[in-house]
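The values are calculated or read from the model by the stated rules, or taken from the named source; none is laboratory data. This one's a predicted model, so the numbers in the text were calculated from it and none came from an experiment. Cβ placement follows ideal geometry from the backbone for every residue including glycine, while neighbour counts extend to all protein chains displayed. Accessible surface is based on the protein model in full, side chains and every heavy atom, while ligands, DNA and RNA are left aside. Shrake-Rupley method; radii C 1.70, N 1.55, O 1.52, S 1.80 Å.
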Amino acid sequence: MKGKLFYIGLIISFVTTGIAHYMHLNSTLQFIIACIAIIFVAGFLGKATESVAHYAGERVGGFLNATFGNAAELIIAYFLVRDGLFDVVKASLTGAIIGNLLLVLGLSIFAGGLKFKEQSFNVKLASHNSSLMILGVVALFIPAIFAGGLTTKETSTMSMIVAILLIAAYLLWLLFSMVTHKSVLSDEAIEHGEAAWSKGTSILFLILATVMVAFTSEWLVGTLEEVTHRFGLSELFVGAFLIAIIGNAAEHSAAVMMATKNKMGAAVEIAIGSSLQIALFVAPVLILVSFFVSGTPMNIVFSTYEIAAIGVAVFITKSITQDGSTNWYEGLLLLVVYIILGVVFFLV
């Protein structure tokens, strides 16, 4: 009965959001309806991811969730890049990275820790994740430091080269973690019962859920400008927090769900894996895409505020996850840092 009510709510909320969007109803009303819809859609994506993970393994399932979850952000960012709104894109990318590292992972560790005294995942995977997160910070920090002494053309050239290197590093990481060293980085298999659906149905529902997330996110983002002006919110706060929280709603739901079922390996892959994917793949791809679709290519030079926020998020996340075990208090620490950054971004 509970399952049927969920799917009824999913269909009704998704259809209602679409109707409200295309009938151009009041923006605040559209925003509220879309927020409700994305909670259901994110839950659906979480169920599909869990079912796929049952067949493919927790790490592959988490990777798929991160990839499909980031698809909506990539689509939205593409249109922003095409329109030359580079500052909004960078703010949203920053928000997505710190949101995954602090909010998604923090909620997952906190929720899982309330149910299980201590949860663990592969310590070697934690070590490699830490190294990759530091690479992401270095790739943002170095260009920002030296950009002041470069011409616009030199900055664009530097951005293109760094973007290509980051994409290569990420693709080679996938080869390393999923192929050559798969057995070393895998968690011990834990039996969690039967999957909700067959393998084919699980994959189909994962794709369907991703499409629904893309539509709902786009409808929701479309209402943000008017809603934020109405409530007097800054563009930096909107880009780094509101859009990021909305765009990451799917990962929030799926990662917390995994953690509460003691699948911390999958939760970590969703949260940290999604941040790594944004920093090492999505952002560089957008830089390369902007070269072809925009008259002025987007550079890789982020603001001091954005680099500081990402650096702090990486530092605390590395400190907490490097031993391969977590508890509820460590999750709380991540959430506290996220709230501190949120307050500062709101006031800037």
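Selection of first residues in the stretch 273-289 that are touching a residue at least 24 places away in the same chain (Cβ under 8 Å) and of second residues that are among the charged types (D, E, K, R) and surrounded by 24 or more Cβ atoms within 10 Å (Cβ to Cβ), restricted to Cβ pairs under 6 Å at least 6 apart or on distinct chains, gives the following pairs, ordered by first then second residue: S274/E251. Of the helices (runs of 4 or more DSSP H) contained entirely in the stretch 43-137, those carrying at least 2 residues that are of a type in the set (G, A, S) and farther than 30 Å from P297 by Cβ fall at 58-82, 105-115. Can you tell me which condition V88 does not meet? The list is (1) open to solvent by 20 Å² or more (accessible area, probe 1.4 Å); (2) closer than 25 Å to S177 by Cβ, and all the others hold. V88 satisfies every listed condition except (2).
Scanning the stretch 114-134 for residues that are open to solvent by less than 10 Å² (accessible area, probe 1.4 Å) and either touching a Cys at 6+ places or on another chain (Cβ under 8 Å) or farther than 14 Å from F315 by Cα (or both) gives Q119, L125. For the stretch 139-149, the criterion of a residue being within 20 Å of I270 (Cβ to Cβ) and in a helix (DSSP H, G or I) is satisfied by no position.
Scan the stretch 321-342 for residues that are farther than 17 Å from I270 by Cβ, open to solvent by less than 50 Å² (accessible area, probe 1.4 Å) and either hydrophobic (A, V, I, L, M, F, W, C) or out of contact with any helix residue (DSSP H, G or I) (no Cβ under 7 Å at 6 or more places or on another chain) (or both) and the total you get is 3.
The lone criterion from (1) closer than 28 Å to V221 by Cα; (2) surrounded by 24 or more Cβ atoms within 10 Å (Cβ to Cβ) left unmet by R82 is number (2). The set of residues from the stretch 45-64 being among the hydroxyl-bearing types (S, T, Y) and modelled with pLDDT of 75 or more comprises S51, Y55. Annotation: of all residues in the stretch 277-297 being at pLDDT 85 or above and touching a Phe, Trp or Tyr at 6+ places or on another chain (Cβ under 6 Å), the one that is least open to solvent (accessible area, probe 1.4 Å) is L280. Hey, any hits in the stretch 235-246 for a residue that's of a type in the set (D, E, K, R) and either at pLDDT 80 or above or touching a strand residue (DSSP E or B) at 6+ places or on another chain (Cβ under 6 Å) (or both)? No, because not a single residue in the stretch 235-246 is of a type in the set (D, E, K, R) and either at pLDDT 80 or above or touching a strand residue (DSSP E or B) at 6+ places or on another chain (Cβ under 6 Å) (or both).
Restricting the stretch 137-161 to residues that are open to solvent by 30 Å² or more (accessible area, probe 1.4 Å) and among the β-branched types (V, I, T) leaves a set whose member that is modelled with the lowest pLDDT is T152. Checked against (1) more than 16 Å from L80 (Cα to Cα); (2) at pLDDT 85 or above; (3) open to solvent by 30 Å² or more (accessible area, probe 1.4 Å), G232 meets all criteria but (2).
Total residues in the stretch 94-112 satisfying the condition of being open to solvent by 10 Å² or more (accessible area, probe 1.4 Å) and either under 28 Å from L236 (Cα atoms) or in contact with a Gly (Cβ under 6 Å, 6 or more places away or on another chain) (or both): the figure is 4. Quick check on I39: is it touching a residue at least 24 places away in the same chain (Cβ under 8 Å), within 23 Å of A196 (Cβ to Cβ) and either open to solvent by 40 Å² or more (accessible area, probe 1.4 Å) or out of contact with any helix residue (DSSP H, G or I) (no Cβ under 6 Å at 6 or more places or on another chain) (or both)? It is true that I39 is touching a residue at least 24 places away in the same chain (Cβ under 8 Å), within 23 Å of A196 (Cβ to Cβ) and either open to solvent by 40 Å² or more (accessible area, probe 1.4 Å) or out of contact with any helix residue (DSSP H, G or I) (no Cβ under 6 Å at 6 or more places or on another chain) (or both).
In the stretch 8-25, of all residues being open to solvent by 80 Å² or more (accessible area, probe 1.4 Å) and of a type outside the set (A, V, I, L, M, F, W, C), the one that is modelled with the highest pLDDT corresponds to Y22.
Being farther than 30 Å from L25 by Cα, open to solvent by 40 Å² or more (accessible area, probe 1.4 Å) and under 23 Å from the mean Cα position of the chain (by Cα) is a description that does not apply to H181.
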